[in-house]
Amino acid sequence: MTQDTRPPKARPSFKRKPYKPQSAPQHIKASSDGHEERMHLEDVRVYNLAGTTLAYQLAMAAHIVMAVKQGYSMQHALTAIDMAEGARANVQRLCFDAMRHWGTTQFWIDRAVSNPPGPWLQALMAVSLTQLAFEHESEFVLVDQAVEAATNMKPHAKGLVNAILRRFLREREQWQADALTDEVATWNYPRWWINAVKQHYPDDWQRILTVGNSHPPMTLRVNASRGTAIEYIDYIKEDELVAHTMPALSADTVILDKPCNVMDLPAFADGGVSVQDAGAQLAADLLDVTNGMRVLDACAAPGGKTCHILERYDVDLTAIEKDEQRAARIEDNLQRLNLQANIIVTDANNAHQWWDRVAFDRVLLDAPCSASGIVRRHPDIRWLREANDLDGLARQQAQLLRTMWKTVAVGGRLLYCTCSIFPEEGEQVIQAFLSHTANAQRIELPQMTALMHGTGQLLPTATDTLNHDGFYYAALTKTAD
(Lines give C-alpha, C1' and ligand atoms only; values in the text may rest on other atoms or scores of the structure.)
Protein backbone atom coordinates (compact mmCIF):
# COMPACT_ATOMS: atom_id res chain seq x y z
CA MET A 1 0.00 0.00 0.00
CA THR A 2 1.39 3.41 -0.94
CA GLN A 3 2.10 5.96 1.74
CA ASP A 4 -0.44 8.78 1.94
CA THR A 5 1.49 12.00 1.23
CA ARG A 6 -1.52 14.29 1.33
CA PRO A 7 -1.56 16.94 4.07
CA PRO A 8 -3.73 15.89 6.99
CA LYS A 9 -7.30 17.10 6.91
CA ALA A 10 -8.38 19.62 9.47
CA ARG A 11 -10.00 17.75 12.33
CA PRO A 12 -13.45 18.89 13.39
CA SER A 13 -13.68 20.78 16.65
CA PHE A 14 -15.51 19.03 19.46
CA LYS A 15 -15.26 22.01 21.80
CA ARG A 16 -18.67 22.75 23.24
CA LYS A 17 -20.21 26.17 23.61
CA PRO A 18 -19.85 27.62 27.12
CA TYR A 19 -22.74 26.67 29.37
CA LYS A 20 -24.99 29.63 30.19
CA PRO A 21 -27.58 29.26 32.95
CA GLN A 22 -31.08 30.19 31.84
CA SER A 23 -33.67 32.09 33.80
CA ALA A 24 -36.87 30.19 33.13
CA PRO A 25 -37.79 26.49 32.92
CA GLN A 26 -38.37 24.75 29.60
CA HIS A 27 -41.43 22.52 29.78
CA ILE A 28 -42.30 19.66 27.49
CA LYS A 29 -45.30 20.69 25.46
CA ALA A 30 -48.52 18.75 25.12
CA SER A 31 -49.75 17.92 21.63
CA SER A 32 -53.22 18.87 20.43
CA ASP A 33 -54.61 15.47 21.45
CA GLY A 34 -53.35 15.89 24.99
CA HIS A 35 -50.45 13.43 24.72
CA GLU A 36 -46.95 14.45 25.62
CA GLU A 37 -44.78 15.19 22.62
CA ARG A 38 -41.41 13.57 22.21
CA MET A 39 -38.87 15.86 23.80
CA HIS A 40 -36.54 17.93 21.64
CA LEU A 41 -33.08 17.22 23.00
CA GLU A 42 -31.61 20.52 21.86
CA ASP A 43 -34.17 22.37 24.03
CA VAL A 44 -33.47 20.50 27.26
CA ARG A 45 -32.07 22.67 30.05
CA VAL A 46 -31.73 22.65 33.82
CA TYR A 47 -32.22 26.19 35.08
CA ASN A 48 -31.12 28.10 38.15
CA LEU A 49 -28.82 25.36 39.49
CA ALA A 50 -25.03 25.39 39.25
CA GLY A 51 -23.59 22.55 37.19
CA THR A 52 -21.28 21.60 40.06
CA THR A 53 -24.19 20.69 42.33
CA LEU A 54 -25.58 17.20 42.68
CA ALA A 55 -29.08 18.69 42.31
CA TYR A 56 -28.21 19.88 38.80
CA GLN A 57 -26.67 16.53 37.90
CA LEU A 58 -29.67 14.55 39.19
CA ALA A 59 -32.05 16.80 37.28
CA MET A 60 -30.06 16.48 34.07
CA ALA A 61 -29.73 12.71 34.47
CA ALA A 62 -33.52 12.54 34.86
CA HIS A 63 -33.93 14.36 31.53
CA ILE A 64 -31.65 11.85 29.80
CA VAL A 65 -33.33 8.83 31.38
CA MET A 66 -36.69 10.28 30.29
CA ALA A 67 -35.29 10.64 26.76
CA VAL A 68 -34.42 6.93 26.75
CA LYS A 69 -37.98 6.09 27.77
CA GLN A 70 -39.11 8.14 24.77
CA GLY A 71 -36.95 6.05 22.43
CA TYR A 72 -33.67 7.96 22.21
CA SER A 73 -30.45 6.05 22.76
CA MET A 74 -28.71 7.17 25.91
CA GLN A 75 -25.46 7.91 24.08
CA HIS A 76 -27.30 10.14 21.61
CA ALA A 77 -29.07 11.99 24.40
CA LEU A 78 -25.84 12.48 26.34
CA THR A 79 -24.23 13.94 23.23
CA ALA A 80 -27.14 16.07 22.03
CA ILE A 81 -28.21 17.67 25.31
CA ASP A 82 -26.27 20.77 26.29
CA MET A 83 -25.07 20.78 29.87
CA ALA A 84 -22.46 22.29 32.12
CA GLU A 85 -19.23 20.64 31.01
CA GLY A 86 -17.99 19.93 34.50
CA ALA A 87 -21.15 17.94 35.18
CA ARG A 88 -20.98 15.62 32.19
CA ALA A 89 -18.96 12.75 33.69
CA ASN A 90 -21.14 12.37 36.76
CA VAL A 91 -24.37 12.80 34.80
CA GLN A 92 -23.27 9.96 32.55
CA ARG A 93 -22.49 7.78 35.57
CA LEU A 94 -25.89 8.51 37.10
CA CYS A 95 -27.63 7.57 33.83
CA PHE A 96 -25.72 4.32 33.39
CA ASP A 97 -26.47 3.33 36.99
CA ALA A 98 -30.16 4.15 36.57
CA MET A 99 -30.49 2.06 33.40
CA ARG A 100 -28.83 -0.93 35.07
CA HIS A 101 -31.40 -0.83 37.90
CA TRP A 102 -34.46 0.50 36.05
CA GLY A 103 -36.54 -2.64 36.59
CA THR A 104 -36.02 -2.49 40.36
CA THR A 105 -36.70 1.22 40.76
CA GLN A 106 -39.84 1.10 38.59
CA PHE A 107 -41.15 -1.76 40.71
CA TRP A 108 -40.60 0.30 43.86
CA ILE A 109 -42.13 3.46 42.43
CA ASP A 110 -45.19 1.63 41.10
CA ARG A 111 -45.86 0.13 44.53
CA ALA A 112 -45.14 3.29 46.52
CA VAL A 113 -46.99 5.90 44.45
CA SER A 114 -50.73 5.44 43.91
CA ASN A 115 -50.94 7.88 40.99
CA PRO A 116 -48.10 7.44 38.45
CA PRO A 117 -45.83 10.50 38.50
CA GLY A 118 -44.95 12.36 35.32
CA PRO A 119 -42.05 10.96 33.28
CA TRP A 120 -39.45 13.45 34.53
CA LEU A 121 -40.40 12.92 38.18
CA GLN A 122 -40.38 9.17 37.69
CA ALA A 123 -36.92 9.40 36.16
CA LEU A 124 -35.67 11.64 38.99
CA MET A 125 -36.92 9.20 41.61
CA ALA A 126 -35.40 6.27 39.72
CA VAL A 127 -32.00 7.97 39.47
CA SER A 128 -32.12 8.93 43.15
CA LEU A 129 -33.31 5.55 44.41
CA THR A 130 -30.56 3.86 42.42
CA GLN A 131 -27.93 5.93 44.19
CA LEU A 132 -29.46 5.32 47.63
CA ALA A 133 -29.89 1.59 47.12
CA PHE A 134 -26.88 0.51 45.11
CA GLU A 135 -24.17 3.17 44.97
CA HIS A 136 -23.76 4.07 48.65
CA GLU A 137 -24.17 7.81 48.24
CA SER A 138 -24.46 9.92 51.39
CA GLU A 139 -28.14 9.52 52.26
CA PHE A 140 -28.66 13.01 53.68
CA VAL A 141 -26.93 14.74 50.78
CA LEU A 142 -28.68 12.62 48.15
CA VAL A 143 -32.18 13.21 49.49
CA ASP A 144 -31.51 16.92 50.02
CA GLN A 145 -30.22 17.37 46.48
CA ALA A 146 -32.99 15.30 44.89
CA VAL A 147 -35.57 17.47 46.65
CA GLU A 148 -33.66 20.56 45.48
CA ALA A 149 -33.80 19.27 41.90
CA ALA A 150 -37.54 18.66 42.19
CA THR A 151 -38.09 22.07 43.80
CA ASN A 152 -36.34 23.72 40.88
CA MET A 153 -38.04 21.80 38.08
CA LYS A 154 -41.39 20.64 39.55
CA PRO A 155 -42.03 22.62 42.77
CA HIS A 156 -45.40 21.00 43.40
CA ALA A 157 -43.75 17.56 43.64
CA LYS A 158 -40.92 18.24 46.08
CA GLY A 159 -42.93 16.76 48.95
CA LEU A 160 -43.59 13.57 47.00
CA VAL A 161 -39.90 13.10 46.14
CA ASN A 162 -38.90 13.73 49.77
CA ALA A 163 -41.53 11.31 51.08
CA ILE A 164 -40.65 8.45 48.69
CA LEU A 165 -36.89 8.66 49.25
CA ARG A 166 -37.23 8.87 53.04
CA ARG A 167 -39.72 6.02 53.07
CA PHE A 168 -37.23 3.89 51.16
CA LEU A 169 -34.55 4.62 53.77
CA ARG A 170 -36.93 3.57 56.57
CA GLU A 171 -38.15 0.43 54.78
CA ARG A 172 -35.07 -0.46 52.74
CA GLU A 173 -34.88 -4.14 53.73
CA GLN A 174 -38.56 -4.75 52.99
CA TRP A 175 -38.41 -2.95 49.64
CA GLN A 176 -35.37 -4.96 48.60
CA ALA A 177 -37.02 -8.22 49.68
CA ASP A 178 -40.19 -7.33 47.77
CA ALA A 179 -38.17 -6.71 44.59
CA LEU A 180 -36.96 -10.31 44.69
CA THR A 181 -40.55 -11.49 44.16
CA ASP A 182 -40.60 -10.03 40.65
CA GLU A 183 -38.31 -11.20 37.82
CA VAL A 184 -38.07 -7.82 36.08
CA ALA A 185 -37.23 -6.11 39.37
CA THR A 186 -34.70 -8.82 40.23
CA TRP A 187 -32.87 -9.05 36.90
CA ASN A 188 -33.48 -5.57 35.45
CA TYR A 189 -34.45 -6.66 31.95
CA PRO A 190 -37.86 -6.60 30.21
CA ARG A 191 -39.82 -9.78 30.81
CA TRP A 192 -39.66 -10.83 27.15
CA TRP A 193 -35.85 -10.54 27.23
CA ILE A 194 -35.57 -12.69 30.36
CA ASN A 195 -37.85 -15.32 28.84
CA ALA A 196 -35.90 -15.37 25.57
CA VAL A 197 -32.56 -15.86 27.33
CA LYS A 198 -34.06 -18.63 29.48
CA GLN A 199 -35.41 -20.35 26.36
CA HIS A 200 -32.17 -20.24 24.39
CA TYR A 201 -29.72 -20.78 27.26
CA PRO A 202 -31.48 -22.78 30.02
CA ASP A 203 -28.18 -23.62 31.73
CA ASP A 204 -26.55 -20.20 31.39
CA TRP A 205 -29.37 -17.65 31.55
CA GLN A 206 -28.61 -16.32 35.04
CA ARG A 207 -24.92 -15.89 34.25
CA ILE A 208 -25.71 -14.09 30.97
CA LEU A 209 -28.07 -11.64 32.67
CA THR A 210 -25.62 -11.08 35.52
CA VAL A 211 -22.74 -10.29 33.19
CA GLY A 212 -24.99 -7.89 31.29
CA ASN A 213 -25.58 -5.97 34.51
CA SER A 214 -21.89 -5.74 35.37
CA HIS A 215 -19.51 -2.87 34.71
CA PRO A 216 -17.33 -3.72 31.69
CA PRO A 217 -13.56 -3.42 31.75
CA MET A 218 -11.68 -0.89 29.66
CA THR A 219 -10.42 -3.11 26.85
CA LEU A 220 -7.82 -1.89 24.38
CA ARG A 221 -6.55 -2.97 20.98
CA VAL A 222 -2.84 -2.42 20.51
CA ASN A 223 -1.85 -1.27 17.02
CA ALA A 224 0.01 -4.34 15.73
CA SER A 225 2.07 -2.18 13.36
CA ARG A 226 3.47 -0.32 16.37
CA GLY A 227 4.17 -3.14 18.81
CA THR A 228 2.75 -6.02 20.82
CA ALA A 229 0.33 -6.15 23.72
CA ILE A 230 3.14 -7.17 26.08
CA GLU A 231 5.25 -4.23 24.93
CA TYR A 232 2.37 -1.81 25.51
CA ILE A 233 1.75 -3.14 29.02
CA ASP A 234 5.40 -2.59 29.83
CA TYR A 235 5.26 0.88 28.24
CA ILE A 236 2.37 2.12 30.42
CA LYS A 237 3.92 1.01 33.70
CA GLU A 238 5.68 4.35 34.06
CA ASP A 239 2.21 5.96 34.00
CA GLU A 240 1.25 3.66 36.89
CA LEU A 241 -1.27 1.81 34.74
CA VAL A 242 -1.65 -1.93 35.30
CA ALA A 243 -3.04 -4.23 32.60
CA HIS A 244 -3.06 -7.80 31.33
CA THR A 245 -3.39 -9.56 27.99
CA MET A 246 -6.12 -11.94 26.81
CA PRO A 247 -4.45 -14.10 24.13
CA ALA A 248 -7.33 -16.61 24.05
CA LEU A 249 -9.29 -13.96 22.16
CA SER A 250 -6.77 -11.76 20.37
CA ALA A 251 -3.03 -11.24 20.46
CA ASP A 252 -3.68 -7.48 20.35
CA THR A 253 -5.94 -7.29 23.43
CA VAL A 254 -4.99 -5.42 26.59
CA ILE A 255 -7.39 -5.00 29.53
CA LEU A 256 -6.72 -2.27 32.06
CA ASP A 257 -7.16 -3.18 35.72
CA LYS A 258 -8.73 0.25 36.25
CA PRO A 259 -10.33 2.40 33.54
CA CYS A 260 -9.05 5.87 32.77
CA ASN A 261 -9.98 8.79 30.54
CA VAL A 262 -9.31 7.71 26.97
CA MET A 263 -7.36 10.89 26.25
CA ASP A 264 -5.02 10.03 29.13
CA LEU A 265 -4.10 6.69 27.56
CA PRO A 266 -0.42 6.66 26.58
CA ALA A 267 -0.05 6.51 22.76
CA PHE A 268 -3.80 6.87 22.12
CA ALA A 269 -3.63 10.28 20.46
CA ASP A 270 -0.97 9.20 17.96
CA GLY A 271 -2.61 5.88 17.07
CA GLY A 272 -0.72 3.38 19.18
CA VAL A 273 -3.81 1.99 20.86
CA SER A 274 -7.61 2.04 20.51
CA VAL A 275 -10.58 1.10 22.67
CA GLN A 276 -12.37 -2.06 21.48
CA ASP A 277 -13.96 -5.02 23.23
CA ALA A 278 -11.99 -8.25 23.06
CA GLY A 279 -14.91 -10.11 21.46
CA ALA A 280 -15.04 -7.62 18.62
CA GLN A 281 -11.32 -8.04 18.01
CA LEU A 282 -11.91 -11.64 16.93
CA ALA A 283 -13.17 -10.46 13.55
CA ALA A 284 -9.69 -9.64 12.25
CA ASP A 285 -8.53 -13.19 12.98
CA LEU A 286 -11.63 -15.00 11.72
CA LEU A 287 -11.71 -13.07 8.43
CA ASP A 288 -8.36 -14.75 7.54
CA VAL A 289 -6.85 -11.82 5.63
CA THR A 290 -3.46 -11.77 3.90
CA ASN A 291 -1.53 -8.90 2.33
CA GLY A 292 -2.66 -7.71 -1.08
CA MET A 293 -6.28 -8.78 -0.75
CA ARG A 294 -9.29 -6.74 -1.76
CA VAL A 295 -11.44 -6.41 1.37
CA LEU A 296 -14.93 -5.05 2.02
CA ASP A 297 -16.19 -3.98 5.44
CA ALA A 298 -19.95 -3.48 5.16
CA CYS A 299 -21.82 -1.51 7.86
CA ALA A 300 -18.39 -0.39 9.04
CA ALA A 301 -18.99 2.41 11.57
CA PRO A 302 -17.45 3.35 13.91
CA GLY A 303 -14.51 1.68 12.18
CA GLY A 304 -12.91 -0.45 14.87
CA LYS A 305 -12.81 -3.60 12.77
CA THR A 306 -11.79 -1.64 9.65
CA CYS A 307 -8.82 -0.17 11.48
CA HIS A 308 -7.85 -3.46 13.10
CA ILE A 309 -7.59 -5.12 9.67
CA LEU A 310 -5.51 -2.24 8.30
CA GLU A 311 -3.21 -2.25 11.31
CA ARG A 312 -2.35 -5.87 10.58
CA TYR A 313 -2.45 -6.17 6.80
CA ASP A 314 -1.54 -4.23 3.66
CA VAL A 315 -4.84 -4.49 1.79
CA ASP A 316 -7.17 -2.52 -0.46
CA LEU A 317 -10.09 -1.95 1.89
CA THR A 318 -13.52 -0.43 1.18
CA ALA A 319 -15.69 0.57 4.13
CA ILE A 320 -19.41 1.20 3.68
CA GLU A 321 -21.64 3.10 6.10
CA LYS A 322 -25.02 4.59 5.26
CA ASP A 323 -25.10 7.17 8.07
CA GLU A 324 -23.01 10.23 7.24
CA GLN A 325 -22.25 11.14 10.86
CA ARG A 326 -21.21 7.59 11.71
CA ALA A 327 -19.08 7.46 8.55
CA ALA A 328 -17.27 10.55 9.81
CA ARG A 329 -16.23 8.53 12.86
CA ILE A 330 -14.55 5.98 10.57
CA GLU A 331 -12.60 8.78 8.90
CA ASP A 332 -11.65 10.22 12.28
CA ASN A 333 -10.30 6.87 13.46
CA LEU A 334 -8.37 6.34 10.23
CA GLN A 335 -6.73 9.73 10.57
CA ARG A 336 -5.71 9.13 14.18
CA LEU A 337 -4.18 5.79 13.23
CA ASN A 338 -2.63 7.09 9.98
CA LEU A 339 -4.47 4.50 7.88
CA GLN A 340 -6.21 4.60 4.50
CA ALA A 341 -9.48 3.13 3.30
CA ASN A 342 -12.06 3.91 0.66
CA ILE A 343 -15.11 5.09 2.61
CA ILE A 344 -18.44 5.07 0.79
CA VAL A 345 -21.48 6.67 2.43
CA THR A 346 -24.43 4.69 1.12
CA ASP A 347 -26.78 1.84 1.94
CA ALA A 348 -24.79 -1.36 1.46
CA ASN A 349 -27.88 -3.02 0.00
CA ASN A 350 -27.69 -0.70 -3.03
CA ALA A 351 -24.80 -2.59 -4.58
CA HIS A 352 -25.70 -1.34 -8.04
CA GLN A 353 -24.77 2.17 -6.88
CA TRP A 354 -21.39 1.52 -5.25
CA TRP A 355 -19.98 -1.84 -6.43
CA ASP A 356 -17.65 -1.80 -9.45
CA ARG A 357 -18.28 -5.53 -10.14
CA VAL A 358 -14.76 -6.50 -9.07
CA ALA A 359 -15.20 -9.25 -6.49
CA PHE A 360 -13.76 -9.03 -2.98
CA ASP A 361 -11.46 -11.67 -1.54
CA ARG A 362 -12.83 -11.02 1.95
CA VAL A 363 -16.12 -9.48 3.06
CA LEU A 364 -16.90 -8.56 6.66
CA LEU A 365 -20.63 -8.12 7.31
CA ASP A 366 -21.11 -6.72 10.81
CA ALA A 367 -24.87 -6.56 10.47
CA PRO A 368 -27.18 -4.17 12.35
CA CYS A 369 -28.75 -6.06 15.25
CA SER A 370 -30.42 -5.78 18.65
CA ALA A 371 -27.00 -5.23 20.30
CA SER A 372 -28.15 -7.63 23.00
CA GLY A 373 -24.57 -8.84 23.51
CA ILE A 374 -23.21 -5.45 24.56
CA VAL A 375 -25.77 -4.38 27.18
CA ARG A 376 -23.16 -4.02 29.90
CA ARG A 377 -21.63 -1.18 27.84
CA HIS A 378 -25.01 0.18 26.74
CA PRO A 379 -27.51 -0.66 29.51
CA ASP A 380 -30.29 1.37 27.88
CA ILE A 381 -30.50 -1.09 24.97
CA ARG A 382 -32.61 -3.57 26.90
CA TRP A 383 -35.26 -0.91 27.57
CA LEU A 384 -35.26 0.35 23.97
CA ARG A 385 -35.88 -3.04 22.36
CA GLU A 386 -39.18 -4.87 21.89
CA ALA A 387 -39.62 -8.59 21.28
CA ASN A 388 -40.96 -8.06 17.77
CA ASP A 389 -37.83 -6.07 16.83
CA LEU A 390 -35.95 -9.34 16.29
CA ASP A 391 -38.06 -10.38 13.31
CA GLY A 392 -37.51 -7.07 11.53
CA LEU A 393 -33.79 -7.10 12.27
CA ALA A 394 -33.48 -10.69 11.02
CA ARG A 395 -35.07 -9.66 7.71
CA GLN A 396 -32.57 -6.80 7.36
CA GLN A 397 -29.68 -9.14 8.16
CA ALA A 398 -30.84 -11.71 5.62
CA GLN A 399 -31.16 -9.05 2.92
CA LEU A 400 -27.68 -7.69 3.62
CA LEU A 401 -26.24 -11.19 3.58
CA ARG A 402 -27.78 -11.91 0.18
CA THR A 403 -26.49 -8.63 -1.22
CA MET A 404 -22.98 -8.99 0.17
CA TRP A 405 -22.74 -12.55 -1.10
CA LYS A 406 -22.89 -11.24 -4.67
CA THR A 407 -19.65 -9.30 -4.08
CA VAL A 408 -17.60 -12.27 -2.79
CA ALA A 409 -15.04 -13.84 -5.11
CA VAL A 410 -15.18 -17.56 -5.83
CA GLY A 411 -13.00 -19.13 -3.15
CA GLY A 412 -13.34 -15.99 -1.06
CA ARG A 413 -14.65 -15.68 2.47
CA LEU A 414 -17.51 -13.78 4.03
CA LEU A 415 -17.54 -13.33 7.80
CA TYR A 416 -21.00 -12.63 9.18
CA CYS A 417 -21.18 -11.22 12.69
CA THR A 418 -23.55 -9.50 15.08
CA CYS A 419 -23.17 -8.23 18.64
CA SER A 420 -26.24 -10.25 19.62
CA ILE A 421 -26.95 -13.25 21.81
CA PHE A 422 -30.27 -14.09 20.16
CA PRO A 423 -30.17 -16.97 17.64
CA GLU A 424 -32.80 -15.18 15.53
CA GLU A 425 -30.02 -12.78 14.51
CA GLY A 426 -27.24 -15.34 14.28
CA GLU A 427 -27.47 -19.04 13.67
CA GLN A 428 -31.02 -18.92 12.33
CA VAL A 429 -30.03 -16.30 9.74
CA ILE A 430 -27.04 -18.38 8.60
CA GLN A 431 -28.98 -21.67 8.47
CA ALA A 432 -31.71 -20.08 6.37
CA PHE A 433 -29.13 -18.57 4.02
CA LEU A 434 -27.27 -21.86 3.58
CA SER A 435 -30.51 -23.71 2.86
CA HIS A 436 -31.24 -21.38 -0.09
CA THR A 437 -27.71 -20.70 -1.39
CA ALA A 438 -26.17 -23.58 -3.31
CA ASN A 439 -22.73 -21.99 -3.73
CA ALA A 440 -22.28 -21.18 -0.02
CA GLN A 441 -20.36 -23.50 2.25
CA ARG A 442 -19.69 -23.02 5.94
CA ILE A 443 -16.10 -22.78 7.14
CA GLU A 444 -15.53 -24.36 10.54
CA LEU A 445 -13.79 -22.21 13.13
CA PRO A 446 -12.00 -24.83 15.27
CA GLN A 447 -9.92 -22.21 17.10
CA MET A 448 -13.17 -20.90 18.60
CA THR A 449 -14.66 -24.20 19.78
CA ALA A 450 -13.65 -23.75 23.42
CA LEU A 451 -15.02 -20.19 23.52
CA MET A 452 -18.33 -20.50 21.76
CA HIS A 453 -21.71 -21.74 22.92
CA GLY A 454 -22.94 -24.00 20.15
CA THR A 455 -22.13 -22.94 16.61
CA GLY A 456 -20.68 -19.47 16.37
CA GLN A 457 -22.16 -17.93 19.53
CA LEU A 458 -19.79 -16.14 21.90
CA LEU A 459 -21.67 -15.48 25.14
CA PRO A 460 -20.83 -12.46 27.32
CA THR A 461 -18.29 -13.51 29.93
CA ALA A 462 -16.55 -11.80 32.83
CA THR A 463 -13.84 -13.93 34.43
CA ASP A 464 -10.16 -13.40 35.18
CA THR A 465 -9.15 -15.25 32.03
CA LEU A 466 -11.97 -14.23 29.67
CA ASN A 467 -13.76 -10.90 29.70
CA HIS A 468 -15.76 -9.93 26.61
CA ASP A 469 -19.16 -9.00 25.25
CA GLY A 470 -21.52 -11.31 23.37
CA PHE A 471 -21.02 -11.85 19.61
CA TYR A 472 -22.05 -14.25 16.90
CA TYR A 473 -19.62 -15.26 14.10
CA ALA A 474 -20.07 -17.42 11.02
CA ALA A 475 -17.59 -17.81 8.13
CA LEU A 476 -18.75 -18.80 4.64
CA THR A 477 -16.88 -19.49 1.42
CA LYS A 478 -18.21 -19.19 -2.14
CA THR A 479 -17.73 -22.43 -4.11
CA ALA A 480 -18.92 -21.18 -7.53
CA ASP A 481 -20.46 -18.20 -9.30
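Overview of results
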| item | result |
| --- | --- |
| Surrounding net charge for residue 111, when Lys and Arg each add one and Asp and Glu each subtract one, Cβ distance under 10 Å | -3 |
| Dipole magnitude of the range 284-434, debye to nearest 20 (Cβ charges: Lys/Arg +1, Asp/Glu -1, about Cα centre) | 80 |
| Size of electric dipole in the chain: Cβ of Lys, Arg +1 and of Asp, Glu -1, about Cα centre, debye, nearest 20 | 860 |
| Cut-off 14 Å between beta-carbons: net charge of the residues surrounding residue 479, Lys and Arg +1, Asp and Glu -1 | +2 |
| Principal axis box of the chain, alpha-carbon based, largest edge first, Å | 71, 51, 51 |
| Beta bridges by DSSP in the chain, antiparallel share as percent, to the nearest 5 | 60 |
| Nearest-10 value in Å² for the accessible area of residue 168, using the 1.4 Å probe | 0 |
| Listed residues 279, 318, 210: farthest to the positive end of the dipole of the range 198-319 (Cβ charges) | 210 |
| Listed residue (59, 446, 99) projecting farthest to the positive dipole end of the chain, Cβ model | 59 |
| Share of pairwise Cα separations in the range 26-157, more than 26 Å, in percent | 15 |
| Per-selection Kirkwood Rh - the range 300-415 (Cα, Å, 1 d.p.) | 15.6 |
| Computed label-point distance, nm, for sites residue 323 and residue 349 using a 7 Å Cα→Cβ extension | 1.7 |
| Relative contact order, percent, the chain [alpha-carbon distance under 8 Å, six or more residues apart] | 12 |
| Out-of-range pairs (alpha-carbon distance over 26 Å; input 69/154; 305/406; 198/406) | 198/406 |
| Descending semi-axes in Å of the range 112-177, equivalent ellipsoid built from Cα gyration tensor | 18, 14, 10 |
| Lys/Arg +1, Asp/Glu -1 at C-beta; the range 258-392 dipole; positive extreme among 392, 342, 259 | 259 |
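The values are calculated or read from the model by the stated rules, or taken from the named source; none is laboratory data. The structure displayed is predicted, hence computed values, not measured ones. In this analysis, Cβ positions are derived from the backbone assuming ideal geometry, glycine residues included, and neighbour counts consider all displayed protein chains. Surface areas here come from the heavy atoms of the whole protein model, side chains and all, with no ligands, DNA or RNA. Shrake-Rupley method; radii C 1.70, N 1.55, O 1.52, S 1.80 Å.
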